[in-house]
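Okay, structure first, notes after.
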Amino acid sequence: MKKNNLFWLVLISALSIFLRIYMIGTNYYFTGELGKELHYISQLISTGRFPLVGLATSHEWLTYGPAYYWIMIPVVKIFGFSPFILFWVALAVSVIGILITYFVFSKIVDAKFTAILAFFVSVSPLWIQLTRLSKLHTFFFILIPLVIYFLYKIWNKDKRYFFWLGLAFGFLFSFHYSQIPILGVLLLAFWIKRKGTKLGDYLKFAVGLILPNITILIYDAKSGFTMVKDLVMWIPYRILGFAGLYPKNNLDIVTGGSTISAFNEFLGRNLFWDGRFWVLGSIVFLILFVAFFMQNYKRFSKDFFVFYLISSTIVQFGALLVHTTPPVHYFLPVFLNFGLLFSFFVCKYWKRPSVKVFTALIIVLIAVIDILNMPNEHADDIDYIPLGIQEGVAKSIVRNAAGKPFVLTRVGPYDYYPETYDQNYQFLIMQDGGKIDQSAKLKYIIYDIGTVYIQKVD
C-alpha cells in the first residue's frame, strides 16, 4: 500500500472512530430492541443452543438469519454482557465497512474519488446515527460494498466471483430483508453481461445465495415452508396496498408514518442532523441524481459505475415507494449512493481550486456540526432514555421489589411494539437479580416520556 493511501486510511479511520464514540457514555441508545437482542443471546448461551434462525423481524412471521448470533455469542462470552457490547461491535463493523468501501472504490474508480467518498461516509450523520443505534443492520456497511465489488468483477468477465456474490448477498438475509429489490439489479447485470456466461456460473451464484440461509430453510421446512410462502405473498400484498386495492398495514397507521418523510429523512440525514434541513439534503440529492442521469444514461450498459448507481437507486427507491412508510434502515442497500454522487461531481470538477476548498469546508463543517448537534440526553426531541437513567430505574425497581416477582410494563415511545418495547429494562433488571413474572400480583409501570418515573401497582 502506498504511504499516501495509508495516511488517508489512518486519518479517515481516526475521524470515523472519534465521531462515533463522542459522548457515547452519556447518550448511548440502549433501546427495547437492543435489550431483546441481548436477552436472546443470553438464552442461547445459557442453554447451549446453536441457532438456526435469528429473532423475528417487525413482521412476526419472518425471522432473520442466524449469522449475527453466530458472531455475537463468542463475542459476548469473551467480553461479557455489558449493554455497550452491541455498540462496540457496531463501531468495529462501521469502521471495517469504511475501509472495505475505500478498497472497493479504489478498484472501481480511483484513489481521489475513494478518499472523498470515505470522508463523506465518515462524517455523514446517517452513518454515525446507524452505528450508534448499534443494531444488527450495521453489517450492511461491510456486505453491500462486497456485493458491489463482486458484481463489478463479474461485469468485467471474471466468472470466479459468481459464488462470492451469491454468498455476500445471501448473508444479508441475516441482517435484514430490505436488499431483496437489489436482486433485480444483479439479475439485470447478469443479462447485460450474459455473453460468454454459462449455466454453471448462475448455479454458483444460487449455491452461494442459499448456503448462508440453509439453516433458515431447514427451520422453515418443519412448518411446511410457511415463512417462505408468506414472504412470497407479502410482495404482492404491498403492491396491492400501494395501488389502494388492499388496506394498509396496521403498523403503518399506528406509527403515522409518511413515505415522503421517510425519503426525506434518509436523504437529508446524509448531510444534516437537524430535521429542519433534511429537505435541503433531499433537494441536493435529486439535483445531483438527475444531472448524473442526464449526463451518463447512454453509458448505462457500458460503464459499471453508471449502471450500478442508476439501477440501484431507481430499483430500491421504487420498491420503497411501493412498500410505503419505510424506516430509514430499509434504505441501507443504497446507503452509499448519496456519497457516490457527491464524490463523482467533486472529482469531475476537482481541478478548480474553488471545488477543492468547498469540498474540504463541507467535510469539516459536517464533522463540526456532528459534534455540536449530536443528540444527547438534554435534546428536546430525543425519544430514548439514556442508559445511565435506565440503570437507575432498574436498580430502583429491584430494590423496591425486595426479591418478590413482579409484572413489568412500559409507557413511552414505540410502546405499540411487543412487550411495550421494555426489553431493555427487562435485561437490566434481570442483570440486577430482579424476578419478572407476568403472572405476579405486584406490577411496575415505567413511564419514559421525556423524563422517567415509576408507578407501583399492588
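The values are calculated or read from the model by the stated rules, or taken from the named source; none is laboratory data. Keep in mind that this is a model prediction, so the values were computed, not measured. All Cβ positions, glycine included, derive from the backbone under ideal geometry; neighbour counts span all protein chains shown.
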Residue within segment 30-37 that is over 30 Å from residue 151 (Cα atoms), touching a strand residue (DSSP E or B) at 6+ places or on another chain (Cβ under 9 Å) and not acidic (Asp, Glu) present: yes
Test: residue in segment 199-209 that is loosely packed, with under 14 Cβ neighbours inside 10 Å and of a type in the set (Phe, Trp, Tyr): no
Residue count, segment 182-235 (criterion: outside any helix (DSSP H, G or I) and over 30 Å from residue 60 (Cα atoms)): 6
Criterion: assigned by TED's automatic domain parsing to the domain that holds residue 235, surrounded by 14 or more Cβ atoms within 10 Å (Cβ to Cβ), at negative phi and touching a Lys or Arg at 6+ places or on another chain (Cβ under 8 Å) - qualifying residue of 346, 306, 355: 306
Qualifying residue in segment 77-97 (condition: part of a loop (DSSP other than H, G, I, E, B), in contact with a strand residue (DSSP E or B) (Cβ under 8 Å, 6 or more places away or on another chain) and without any contact (Cβ under 8 Å) to a residue 40 or more places away in the chain): no
Residue check, residue 128 closer than 15 Å to residue 336 by Cα, in a helix (DSSP H, G or I) and in contact with an Asp or Glu (Cβ under 9 Å, 6 or more places away or on another chain): yes
Failed item in (1) hydrophobic (A, V, I, L, M, F, W, C); (2) closer than 30 Å to residue 218 by Cα; (3) in contact (Cβ under 8 Å) with a residue 60 or more places away in the chain, with residue 12 passing the rest: (2)
Residue 165 crowded, with 22+ Cβ neighbours inside 10 Å and not β-branched (Val, Ile, Thr): yes
Counted residues, segment 93-115 - those being under 30 Å from residue 217 (Cβ atoms) and either outside the structural domain of residue 346 (by TED's automatic domain parsing) or surrounded by fewer than 18 Cβ atoms within 10 Å (Cβ to Cβ) (or both): 1
Residue check, residue 57 out of contact with any Leu (no Cβ under 7 Å at 6 or more places or on another chain), exposed (fewer than 15 other Cβ atoms within 10 Å of the Cβ), within 21 Å of residue 176 (Cβ to Cβ) and not small (Gly, Ala, Ser): yes
Of residues in segment 316-333 being in contact with a Leu (Cβ under 9 Å, 6 or more places away or on another chain) and either closer than 20 Å to residue 105 by Cβ or assigned to a loop (DSSP other than H, G, I, E, B) (or both), the one modelled with the lowest pLDDT: 325
Search result, residues across segment 274-289 that are farther than 19 Å from residue 370 by Cβ and of a type in the set (Val, Ile, Thr): 279, 283, 287
Candidates 173, 169, 162, filtered to the one that is more than 28 Å from residue 268 (Cβ to Cβ) and either out of contact with any Phe, Trp or Tyr (no Cβ under 8 Å at 6 or more places or on another chain) or β-branched (Val, Ile, Thr) (or both): 169
Residue, modelled with the lowest pLDDT, within segment 334-388, restricted to residues that are under 30 Å from residue 412 (Cβ atoms) and of a type in the set (S, T, N, Q): 376
Qualifying residue in segment 133-142 (condition: at negative phi, over 11 Å from the mean Cα position of the chain (by Cα) and not aliphatic (A, V, I, L, M)): no
